[in-house]
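What follows is one structure encoded as structure tokens, with my remarks underneath.
The values are calculated or read from the model by the stated rules, or taken from the named source; none is laboratory data. Just so you know, these numbers come straight off a predicted model, no measurement behind them. Reconstructed Cβ throughout: ideal geometry from the backbone, glycine too, with neighbour counts over all protein chains shown. For the accessible areas, the whole protein counts, side chains as well, though only heavy atoms, and no ligand, DNA or RNA atoms are used. Shrake-Rupley method; radii C 1.70, N 1.55, O 1.52, S 1.80 Å.
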Amino acid sequence: MTVELISVGTEILLGNIVNTNAAYLAEKIAILGLSCYHQSAVGDNEERLEDAIRLALSRSDIVILSGGLGPTKDDLTKEVTAKVFGRELYEDAHTKERIQSYFDQTGLKKEITPNNWKQALVPEGAIVVDNHNGTAPGLILEGEGKTAILLPGPPNEIKPMFERDIAPYLNRLQPEGIYSTMVKVCSIGESKAETMVADLMEEQTNPTLAPYAKTGEVHFRVTAKAADEETAGKLMEPMLQELKKRFGNYIFTMDENVTMEESIVDLLKEKQMTVTTAESCTGGLLSGRILNVPGASAVYKEGYITYSNEAKEKLLGVSDETLETYGAVSYETAREMAAGAARSAGADVALAVTGIAGPDGGTKEKPVGLVYIGCFVKGKVRAEEFHFTGNRSKNRDYAVIKALTLLREELLEK
């Protein structure tokens, strides 16, 4: 079956927001084995939105619309789609009750305005999909061999709704379901990782193997087509075992929803170790990644942002002699920052980052993109030198993922 994506919102056309929903949905429907030949974005205009929906339905089996389900007058997706399908709107008591409950739970009861109840109106015959993270429900309209799926625009609403309800719905529409497992690899480059599985990719039939390059990581998706999940699992198992054999500890998770930082927090908990961070050029990005993990407070107590030399000396005990001789951006300073952070925080483990993120500050000897990362684990200190190429944001992001990767390598040795 073919799926077409329509992203609704004038703010997308004006460039006020980045259309991450389209990228997310495109990847997810591809994983489900569905074909997507067209994507479009349309503003909050009734006539143009109607034209876009009718065109999409004329050439695709399923149309997924994101955005335009809010309470304001310019939120037209539901109304226009109902018109295209020839359906009237009615007030859904279940949805109204959920909206009321949402306002009650968030303490916004007094702020309910009449237009909020607009979101409780649904097209006749529609399947209502509960929104567990907002007030606008998702909707599925079926008719004459065509389907329209309406999803809310906020990413923190559309993603859990798709995973929970829409993906299973789409899978059920196919004679055979598409099931997959993600194998995430770190500490190894994309080219080498792909070379290590070249023979598997050449011989693949069912299941299939596909690599995806991420920042500092390589992901392999193993996908099988089968009548049910259990059968698909049996088809995928030999491939998964082969990947485990070839990559070993390079694999940090086989759960699509687990991030590098989550795997590290779990590793620290398993080893009953605490961690701290000392950051210069990353300015809190590293600690932020760790603290984004639920339950990170069990292993992370405090951290340090030491942008100046004075802060490195005062908070981390980096010696004046080291800073004078080698400079703030150096192998020696990174080592002392890591050891000093562990000592000051009383932590078992410490990560330290110092570098030149740019766009200014580089020299011939120490160019923009030069970063040193120090890692302290139970008395042992390791430091590495990295050279990143890109803008300031990219250099900082790469520094964070390399620091996490370095920490994982050291923890596995303990």
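Give just the number: which of (1) charged (D, E, K, R); (2) within 23 Å of residue 21 (Cα to Cα); (3) in contact with a strand residue (DSSP E or B) (Cβ under 8 Å, 6 or more places away or on another chain) does residue 92 not satisfy?
All conditions are met except number (2).
All but one of (1) touching a Lys or Arg at 6+ places or on another chain (Cβ under 9 Å); (2) open to solvent by 70 Å² or more (accessible area, probe 1.4 Å) hold for residue 229, so report the exception by its number.
(1)
Please find, among 336, 324, 313, the residue that is among the charged types (D, E, K, R), more than 21 Å from residue 357 (Cβ to Cβ) and buried (at least 17 other Cβ atoms within 10 Å of the Cβ).
313 is the lone residue from the list that is among the charged types (D, E, K, R), more than 21 Å from residue 357 (Cβ to Cβ) and buried (at least 17 other Cβ atoms within 10 Å of the Cβ).
Here is a check on your reading of the model: is residue 363 modelled with pLDDT under 95, open to solvent by 60 Å² or more (accessible area, probe 1.4 Å) and either of a type outside the set (D, E, K, R) or part of a loop (DSSP other than H, G, I, E, B) (or both)?
Yes: the conditions hold for residue 363.
Just one of 127, 140, 112, 64 is out of contact with any Ser or Thr (no Cβ under 6 Å at 6 or more places or on another chain), at negative phi and surrounded by 22 or more Cβ atoms within 10 Å (Cβ to Cβ); which is it?
Details: 127 fails: surrounded by 22 or more Cβ atoms within 10 Å (Cβ to Cβ); 140 fails: surrounded by 22 or more Cβ atoms within 10 Å (Cβ to Cβ); 112 fails: surrounded by 22 or more Cβ atoms within 10 Å (Cβ to Cβ).
That would be 64, the only listed residue that is out of contact with any Ser or Thr (no Cβ under 6 Å at 6 or more places or on another chain), at negative phi and surrounded by 22 or more Cβ atoms within 10 Å (Cβ to Cβ).
Of everything in the range 20-40 that's more than 18 Å from residue 1 (Cα to Cα) and of a type in the set (S, T, N, Q), which residue is most open to solvent (accessible area, probe 1.4 Å)?
This residue is 20.
Pairs only if they're at least six apart or on different chains, beta carbon under 6 angstrom, first in the range 212-227 and under 16 Å from residue 253 (Cα atoms), second open to solvent by 60 Å² or more (accessible area, probe 1.4 Å) and of a type in the set (Phe, Trp, Tyr); list them, first residue then second.
219/212
Which condition breaks for residue 343 when tested against (1) over 27 Å from residue 248 (Cβ atoms); (2) open to solvent by less than 70 Å² (accessible area, probe 1.4 Å); (3) assigned to a helix (DSSP H, G or I)?
Only one criterion is unmet by residue 343, namely (2).
Tell me the residue from 408, 335 that is within 13 Å of residue 278 (Cα to Cα) and either part of a helix (DSSP H, G or I) or not β-branched (Val, Ile, Thr) (or both), please.
335
Just give me the residues in the range 275-302 being within 18 Å of residue 399 (Cβ to Cβ), not aliphatic (A, V, I, L, M) and not in a strand (DSSP E or B), in sequence order.
Correct list: 280, 281, 282, 283, 284, 287, 288, 289, 292.
Can you tell me which residue within the range 41-61, out of those that are touching a residue at least 12 places away in the same chain (Cβ under 8 Å) and surrounded by fewer than 15 Cβ atoms within 10 Å (Cβ to Cβ), is nearest to residue 112 (Cα to Cα)?
46
Restricting the range 78-109 to residues that are under 29 Å from residue 45 (Cβ atoms) and among the small types (Gly, Ala, Ser), which is surrounded by the most Cβ atoms within 10 Å (Cβ to Cβ)?
For the range 78-109, the residue satisfying everything is 82.
Identify, please: which residue in the range 289-300 is out of contact with any strand residue (DSSP E or B) (no Cβ under 8 Å at 6 or more places or on another chain) and closer than 15 Å to residue 277 by Cβ and is, among those, surrounded by the most Cβ atoms within 10 Å (Cβ to Cβ)?
Our first condition is that a residue be out of contact with any strand residue (DSSP E or B) (no Cβ under 8 Å at 6 or more places or on another chain); within the range 289-300, this holds for 289, 292-298.
Those left that are additionally closer than 15 Å to residue 277 by Cβ: 289, 292-293, 296-297.
On the way: 289: 22, 292: 12, 293: 19, 296: 19, 297: 10.
Residue satisfying both the conditions and the ranking: 289.
Quick one: which residue in 332, 324, 336 is acidic (Asp, Glu) and out of contact with any Ser or Thr (no Cβ under 8 Å at 6 or more places or on another chain)?
Selected residue: 324, the only one of 332, 324, 336 that is acidic (Asp, Glu) and out of contact with any Ser or Thr (no Cβ under 8 Å at 6 or more places or on another chain).
Would you pick out the residues in the range 243-268 that are part of a helix (DSSP H, G or I), out of contact with any helix residue (DSSP H, G or I) (no Cβ under 6 Å at 6 or more places or on another chain) and open to solvent by 60 Å² or more (accessible area, probe 1.4 Å)? Before you say what the answer is, go through the steps one by one.
In the first step, residues of the range 243-268 are kept if they are part of a helix (DSSP H, G or I); the result is 243-250, 260-268.
Those left that are additionally out of contact with any helix residue (DSSP H, G or I) (no Cβ under 6 Å at 6 or more places or on another chain): 243-245, 247-248, 250, 262-263, 266, 268.
Within the range 243-268, 244, 245, 250, 266 qualify.
Would you check if residue 385 is outside any helix (DSSP H, G or I), touching a Phe, Trp or Tyr at 6+ places or on another chain (Cβ under 6 Å) and open to solvent by 60 Å² or more (accessible area, probe 1.4 Å)?
yes
Would you point out which residue out of 143, 134 is small (Gly, Ala, Ser), under 26 Å from residue 30 (Cα atoms) and touching a helix residue (DSSP H, G or I) at 6+ places or on another chain (Cβ under 9 Å)?
Going through 143, 134 in turn, just one is small (Gly, Ala, Ser), under 26 Å from residue 30 (Cα atoms) and touching a helix residue (DSSP H, G or I) at 6+ places or on another chain (Cβ under 9 Å): 143.
So residue 303 passes all but one of these: (1) free of Cβ contacts under 8 Å to residues at least 40 places away in the same chain; (2) surrounded by 16 or more Cβ atoms within 10 Å (Cβ to Cβ). Which condition number does it fail?
With respect to (1) free of Cβ contacts under 8 Å to residues at least 40 places away in the same chain; (2) surrounded by 16 or more Cβ atoms within 10 Å (Cβ to Cβ), residue 303 is out only on (1).
Could you identify the single residue in 200, 170 that is open to solvent by less than 60 Å² (accessible area, probe 1.4 Å) and closer than 27 Å to residue 21 by Cα?
Of the residues listed, the single one that is open to solvent by less than 60 Å² (accessible area, probe 1.4 Å) and closer than 27 Å to residue 21 by Cα is 170.
Report, ordered by the first and then the second residue, all pairs with beta carbons closer than 9 Å, sequence separation of six or more or different chains, a first member in the range 19-38 that is farther than 27 Å from residue 232 by Cα, and a second member that is hydroxyl-bearing (Ser, Thr, Tyr) and open to solvent by less than 30 Å² (accessible area, probe 1.4 Å).
Partner pairs satisfying both residue conditions: 19/7; 19/66; 21/7; 21/66; 22/7; 22/66; 38/2; 38/60.
Check residue 212 against each of (1) of a type in the set (Ser, Thr, Tyr); (2) in contact with a helix residue (DSSP H, G or I) (Cβ under 8 Å, 6 or more places away or on another chain); (3) at pLDDT below 95 and name the one condition it does not meet.
(2)
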